[in-house]
Structures are given as structure tokens and as C-alpha cells.
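Just so it is clear, none of the values below were taken in a lab; they were calculated from the coordinates. For clarity, every value in this text was computed on a predicted model and none was experimentally measured. Virtual Cβ from ideal backbone geometry, glycine too; neighbours counted across all protein chains shown.
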Ligand code: ATP
Ligand code: MG
Ligand code: FE
């Protein structure tokens, strides 16, 4: 089926068009620059930017796919989780489009959409053929989420194994960058600076990794203690009138985040006897994360899957891909009464 996907859960207005598992277009307009001076995504600013971008983005995606809007078989839209006001713009646009075109609508879960991105890795595969094997463990890391999922079936069985109990990993990168005087978004900046630093210079804490924590929070994450530890360490240096070795701090911080993310992801693969790990979310751009993921999965005999970066960050194509899977699995469309749900649980794949 030819599906148009709409994604507005955070700061990307993403419109994607797919035919089955074939990617036809993927238009992404980000309001990131508008959030820079606040050091993080401002919900009202994001919602307003979606309003401005949504119609031009739909037009651009349709043109790029070389289709007519009327050709599409269905519309898929993210209805949660995410920022309420931002989600509402996408949900409203999707409903208006569905009603005016007389097409069915599939309201889908943003996090499950990230897993669906993997289906589009293989553009020449024909509709119905999937590159994703089940079950798989998925590690999703972005500015708003840090979650480990057990995906037994993309359209019917996704279980949340664990998530962050405080800050998301991307958020931690952004906050630590601020402490180091680096601009927003901090992830790419820390990655760049860390390249010449010593990751063993400072031993920063690995959240929820002590044996007593692992017993209760085996698959959960915590980055707020790490962020505070970095801030304290930097302050102590400054108070003593010493220079802050930014590269070493960045490298040591990055090492702590990457270590804990992959220790827990590999533990999940081992515990559930699932030899597949899929990565998703904007933090997957991190160079050290990719390196350590490759090393540890290869050592553990786990097949590592990383979609191209344009499909790892928030985008409409992954939402369209999930919609297409639901259609191919024979699922009925969503009732138009669904709304945006900022705290939608991952087990609710479709509204
Ligand atoms: P979501 O709603 O999925 O949480 P988001 O907009 O918060 O969306 P993304 O757009 O997927 O998240 O990713 C942005 C985050 O990724 C930012 O926190 C940014 O600092 C982080 N990031 C980007 N590149 C890197 C990198 N190379 N290393 C670490 N973090 C990175
Ligand atoms: Mg974003
Ligand atoms: Fe996301």
C-alpha cells in the first residue's frame, strides 16, 4: 500500500511516503535552531513551527515521491508519546487530510515507529518482504527517550523492558554540553570534542549499574546523577582556578553513557536469548556508541542493525512504514475519535 506518514511528536515536522517497505520520500523540517537559545526543545515553539511547516512539508513529500495526493491508500500519524501541543498539530492535519481525501487513517505509536524504520533499510525489497527479523531487542535513544524494547511482532507485540527514570540520554548530552560551554544541540558537539579526549581520564558514574540496582532496574537507565557528577567535577576545577580539560571530560562522559546503554542492551539480548539488536533515535549518530555497539554485539554473537541516520532521527517515513505493516497485517483503520496522547505506552501500537 501507498502510505503517507506524519510525525510531529517533538521538534521535527516529518512527512514520509512509502509503498510497502519501499521509501519514496522523507521530508524533515526541524525547529531545532529555534530552541538553541533555550538549550532544549520548547513545546510551544515546536507546536507553532509544526503549524507553519506541515502543509509545505506534505506538498514537498508528495512532489518528491512523484505521486498525486489522491493516489495514497492511507494516512499514518504519530498520536503519542511526545509533546501534547506538537502531537496535536500532526493529528489534526492527518484527520483533515483523511476526511477530505476519503482515506483511512492509522494512528500509531512513535516509539514503535522507530523500530519500523528498519523495514526501509532495504529500498529494493518488494512490498511485504521485511528485513526485520523477530524477535528483536530495540534500543531507542534520543532527546526525549531512552528505552529498551522487546519486539516480538512489530504490529502486535512490543514490550517495554525498561526506560530512563529521569533524563533521556540525548538530554544528558545537551545538559553536559551546556556545562562545558558548548552550543545546543550538545550531542554532536560533545562527540566532536571527545574525539581527541581520553575516555579513561575521569571515572564518571554508570547509573543503575551496581548489583543492587541491576536487581531492580536491570533494563532501566538514569543519567541525572551522571550529569550532576560532571557538573560538580567541572565546578571543583573552576573553583580551584584550574583549566577544565574539556576533551577529557567530554570523552569520559560519553564513555559512561555509551557503556551503560550497551551493557543493558546486550544484557537484554542475552537474557531473552534474542541475537538481534536494533538501534534508533538521534543519539545513534554518536561515533563512540556505534563503535562500542559493533564491538560488543560482535563479541556476543548479536546481529546489529542500524538504520541510516535520516531514519534514526524523528521522521515521517518510519510512521508510514508502520502504517503499511498494519495494513498488510489486515488491521482495521483507527477510529477518527482518537486524540494525541503524550504518555502513550509502547504496548499501544495503534489507536
Ligand atoms: P524524540 O521525540 O524521539 O525524543 P528528539 O527530537 O528529542 O526526539 P532526536 O531528534 O531523535 O530526538 O535526537 C536529538 C538528540 O540527539 C539531541 O539530544 C542531540 O544532542 C542528540 N544527538 C545528536 N547527535 C548526537 C551525537 N553525535 N552524540 C550524542 N547525541 C547526539
Ligand atoms: Mg529532534
Ligand atoms: Fe523519536
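Once C-alpha pairs closer than 8 Å and six or more residues apart are averaged by separation and normalised to the residue number of the chain, the relative contact order reads 27 percent. Annotation for region 162-178 versus region 229-303: alpha-carbon center distance of 12 Å.
By the helix-only formula, in which each DSSP H run with n ≥ 4 contributes -39500 (n - 2.57) and the sum is divided by residues, the chain has a 222 nm mean residue ellipticity of -13500 deg cm²/dmol.
Alpha-carbon geometry of region 181-221: the Rg and the Dmax are 14.5, 37 Å, given in that order. As a calculated quantity, the FRET efficiency between residue 343 and residue 231 at R0 = 30 Å, using C-beta atoms, amounts to about 0.55. For an R0 of 35 angstrom, estimate the FRET efficiency from the Cβ-Cβ distance between residue 335 and residue 263 and round to the nearest 0.05. Calculated value: 0.25.
Diffusion coefficient of region 26-68 by Stokes-Einstein, Kirkwood radius over Cα pairs, 25 °C, 0.890 mPa s: 215 µm²/s. Measure nothing but the geometry: give the 0 to 90° angle between the long axis through the Cα atoms of 224-239 and the longest principal axis through the Cα atoms of the chain, rounded to 10°. That works out to roughly 40 degrees. Computed over the Cα atoms of region 1-133, pair by distinct pair, the Kirkwood hydrodynamic radius stands at 15.0 angstrom.
If you plug the beta carbon distance of residue 96 and residue 244 into 1/(1 + (r/R0)^6) with R0 = 35 Å, you get a FRET efficiency near 0.10. For region 274-348, averaging the sequence separation of C-alpha pairs within contact (under 8 Å, six or more residues apart) and dividing by the residue count gives a relative contact order of 32 percent.
Computed across the chain, the Kirkwood hydrodynamic radius from all distinct Cα-Cα pairs reaches 20.5 Å. Here the gap between residue 218 and residue 44, fully extended at 0.36 nm per residue and compared with their Cα-Cα distance, gives a gain of 59.1 nm.
By how many degrees, between 0 and 90 and to the nearest 10, does the Cα long axis of helix 169-179 differ from the longest principal axis of the chain? It works out to around 50 degrees. Taking 0.36 nm per residue of separation and subtracting the current Cα-Cα distance, fully stretching the chain between residue 192 and residue 153 would add 10.3 nm. Angle of helix 246-271 to the longest C-alpha principal axis of the chain, folded into 0 to 90 degrees and rounded to 10: 60°. Within the chain, DSSP assigns beta bridges of which about 60% are antiparallel (rounded to the nearest 5).
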